[in-house]
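Every read-out reported here was derived from the displayed coordinates using simple, explicitly stated rules and does not represent laboratory data. This structure is a prediction, so every number in the text was calculated from the model and none was measured. Backbone-built Cβ (ideal geometry, glycine too); neighbour counts: all protein chains shown.
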Amino acid sequence: MAIDNAVTSEGSALVHSLDETGELASKLLPLMRQAGSVSLEGPLGAGKTHFVKAVASLLGVSEPVSSPTFTLLHSYSGGECPLHHSDWYRLESEEEVLGLGLEEYLDDGFMMIEWGDKFSQILPPGTLRIRITHQSDNSRLINWAVKS
Ligand SMILES: Nc1ncnc2c1ncn2[C@@H]1O[C@H](COP(=O)(O)OP(=O)(O)OP(=O)(O)O)[C@@H](O)[C@H]1O
Ligand SMILES: [Mg+2]
């Protein structure tokens, strides 16, 4: 895996397998903890949910993680801190997002949002934005940066 500056607030890595995506999640964990919220971006099937699964496993969540596309928010306890997993794919307006009342969860553990770029203006400042793009088969380019 080629990682440039994995511990700085901006960088990119080319991963070649599911396991390497998990390794990158582990390297980015300190940044994600510092941010408190993470936006996962990239096209359908890029690997956003897989990334959340990797983080859940790092936090020690034993419950299976599934995509909250229809329920909009899943919370997992049982790890070292609560993990809240939201998916904005089906949401159509900022008002709908605000209606989820996510701010109350932000103070209580760790928030990961798939498709956060749909409403990037309302992502909390300091959110770590992670963009995953397909390269070939199991390879993905993963870029990250902190929202100012
Ligand atoms: N290096 C990789 N990292 C992540 N996923 C990978 C990788 N290589 C292959 N995959 C596969 O890509 C798919 C990613 O699916 P996943 O549900 O995580 O995508 P998603 O971005 O959440 O899609 P959606 O927009 O529908 O929510 C899985 O089938 C996974 O096995
Ligand atoms: Mg998904």
On a C-alpha basis, how far is the centre of region 50-128 from the centre of region 10-46 in Å? Whole number, if you could? 14 Å
Rounding to the nearest 10 and keeping the result within 0 to 90°, find how far the Cα-based axis of helix 18-35 lies from the longest principal axis of the chain. 50 degrees
Convex hull volume per residue for the chain, taking Cα atoms only, in Å³: 98 Å³
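Can you give the % of DSSP beta bridges in region 19-146 that are antiparallel, to the nearest 5? All intermediate terms of the calculation are to be shown ahead of the outcome.
Values: 11 of 24 bridges.
Close to 45 percent.
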Applying 1/(1 + (r/R0)^6) with R0 = 25 Å to the Cβ-Cβ distance of Ser9 and Ser139, what FRET efficiency is obtained, to the nearest 0.05? 0.55
Between Ile122, Ile113, Ile132, find the one with the highest GNM mean-square fluctuation for the chain; connect C-alpha pairs within less than 10 Å. Ile122
Which Cα, out of Ala145, His134, Pro43, lies furthest along the positive dipole direction of region 19-146 (beta carbon charges, K/R +1, D/E -1)? His134
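Please give the charge dipole size of the chain, origin at the Cα centre, charges +1 on K and R Cβ atoms and -1 on D and E Cβ atoms. Round to the nearest 20 debye.
Result for the chain is approximately 340 debye, rounded to the nearest 20.
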